[in-house]
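Step one of this worksheet: look at the structure below.
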Amino acid sequence: MNTQEKIGKIRENIEKVLVTKNEIINLIIAAVISRGHVLIEDVPGIGKTTLVRALAASIGCSFQRIQFTPDVMPSDVTGFSVVDMATGELRYRKGAIMHQIVLADEINRTSPKTQSSLLQAMQEGQVTVDGNTYQVPKPFMVLATQNPVEHIGTFPLPEAQLDRFFIKISLGYPGIRDEMEILRLHDGSTPPISTLEAVVSSEDILAMQDEVDKTVCSDPIKEYISLITAQTRSNPDLILGASPRGAIALMTGAKAWAVINGRDFVIPDDVLHMVSPVLAHRLVLRPEARLKEMTAERILKNITNMIKVPDSL
């Protein structure tokens with residue numbers, strides 16, 4: 001199978017257990033092959049956990065769910081050292097982060113100290129415990145969820161941590177026909193997710209990641225990306241614009257979208273498609289902009305509308 005066929009297989013497999021837009025699944029796949037992490041913000045019961053479990057099962061990766069609560073400690077995430085009574089030596093006991101696909105459920109319900117314990121693994125692909133560094137397995141991806149409605153007893157993610165997430169998505173409520181299909185899938189004693197089998201291997205995912213790395217992003221496209229991010233930093237409706245890390249993520253996301261669409265080079269449409277998922281959660285609006293009912297997505301739309309699309313690639 002070529003890359004597009006493998007991506008199609010992953011998409012079809014996830015759709016066996018989750019009724020959602022193709023766009024959402026494609027964005028998740030783009031994050032996987034970009035080595036990125038995903039923040040899913042939505043109300044309970046929409047299918048966030050099902051999506052993550054279906055992804056892990058489809059690509060043959062190990063899966064671990066961390067249910068974040070205020071009493072979860074950093075060592076629960078990263079692991080800890082214990083004394084081997086036979087030898088007297090310290091031995092590393094793996095934490096929940098030592099899996100390929102990690103669901104950080106309700107990440108905003110745990111303390112900032114525990115939230116930050118994810119940062120090194122997300123950014124560097126490793127954790128440090130008692131001065132020793134341990135590599136996380138590859139491929140590695142964190143998908144975190146948070147409820148946008150309930151704020152009592154939560155710890156909002158700081159901008160520095162939001163910037164570590166490659167994209168932010170929302171599944172949204174299904175339409176009537178989609179909800180009828182959901183009811184059909186669950187009209188039985190066997191949960192659909194339990195029957196899901198891998199359609200590609202983790203080695204296939206690593207190969208796709210290498211393919212994204214080799215995808216050509218020309219200088220005119222890089223300039224286009226730089227103009228977009230520069231405009232977010234000078235926009236009067238924003239306190240905080242996109243960082244250089246955001247610009248890198250946008251370029252990588254555009255490369256991944258090109259691969260998903262069967263190209264080995266980036267075109268402006270790839271950039272435009274990834275602008276909002278990659279950059280919106282990195283922006284901080286001014287209070288007066290919120291009063292005008294402005295959103296990060298609308299501001300990004302206005303910015304891209306006024307920047308000239310490159311004529312040449």
Could you point to the label whose value was computed as Cα Rg over 2.2 N^0.38 Å for the structure here, given (1) 1.24; (2) 0.97; (3) 1.04?
(3)
List the lysines whose alpha-carbon lies under 17 Å from that of residue 138, not counting same-chain residues fewer than 8 positions away?
94
Could you give the length gained on full extension between residue 90 and residue 288, defined as 0.36 nm per residue of separation minus the Cα-Cα distance, in nm?
65.8 nm
Relative contact order of the chain, please, whole-number percent, based on alpha carbon pairs below 8 angstrom and at least 6 residues apart.
22 percent
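Net charge near residue 72: determine it from the other residues with C-beta under 15 Å of the C-beta of residue 72, scoring Lys and Arg +1 and Asp and Glu -1.
Values: positive: 65, 109, 113; negative: 71, 76, 105, 106.
Its environment carries a net charge of -1.
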Give the relative contact order (percent, whole number) for the range 215-306; include only Cα pairs under 8 Å separated by 6+ residues.
34 percent
Got a sec? How would 157, 90 order by Cβ neighbour count within 10 Å, fewest to most?
90, 157
When 217, 61 are ordered from fewest to most other Cβ atoms inside 10 Å of their Cβ, what list results?
217, 61
Amide H proximity to residue 126 below 5 Å, modelled H, separation 5+ or other chain, gives 121, 136
What is the distance in Å between the Cα centres of the range 82-132 and the range 16-51?
24 Å
Dipole of the range 3-203, Cα-centred, from +1 at each Lys and Arg C-beta and -1 at each Asp and Glu C-beta, to the nearest 20 debye?
280 debye
Residues residue 226 and residue 12, FRET efficiency given R0 of 41 Å [Cβ-Cβ distance, rounded to 0.05]
0.65
Would you kindly derive the ³J(HN,Hα) couplings of the range 62-77 from the backbone phi angles with the Karplus curve 6.51 cos²θ - 1.76 cosθ + 1.60 (θ = phi - 60°), listing them in order in whole Hz, with x for Gly and Pro?
5, 10, 9, 9, 10, 8, 6, 9, x, 8, 6, 9, x, 5, 5, 8
For the range 192-200, in residue order, the Karplus 3J(HN,Hα) values (coefficients 6.51, -1.76, 1.60; θ = phi - 60°; whole Hz; Gly and Pro = x) are x, 5, 6, 9, 6, 10, 5, 10, 9
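Fewest to most neighbouring Cβ within 10 Å: what's the order for 202, 218?
Sorted ascending by nearby Cβ count, the order is 218, 202.
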When the chain is treated as a GNM, springs tying every alpha-carbon pair under 10 Å, which of 294, 85, 251 comes out with the largest mean-square fluctuation?
85
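Determine, from the Cβ-Cβ distance of residue 263 and residue 306 and an R0 of 35 Å, the FRET efficiency 1/(1 + (r/R0)^6), rounded to the nearest 0.05. Working shown, then result.
Values: r = 26 Å, r/R0 = 0.75.
Efficiency, from the Cβ-Cβ distance: 0.85.
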Taking alpha-carbon centroids only, the range 146-207 lies from the range 248-313 a number of Å equal to 22 Å
In the structure shown, of 21/222; 6/168; 113/168; 21/168; 255/308; 16/255, the pairs separated by more than 18 angstrom at the C-alpha atoms are 21/222; 6/168; 113/168; 255/308; 16/255
By the Cα gyration tensor axes a ≥ b ≥ c (a/c under 1.5 gives rounded; else a/b larger than b/c gives prolate, otherwise oblate), the shape of the range 200-250 is oblate
Residue-wise HN-Hα coupling along the range 178-185, computed from phi with Karplus coefficients 6.51, -1.76, 1.60 (Hz; x: Gly, Pro):
5, 5, 4, 5, 4, 4, 5, 4
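No lab work stands behind these numbers, since they all come straight from the coordinates. Keep in mind that what you see is a predicted model, and the values were worked out from it rather than measured. All Cβ positions, glycine included, derive from the backbone under ideal geometry; neighbour counts span all protein chains shown.
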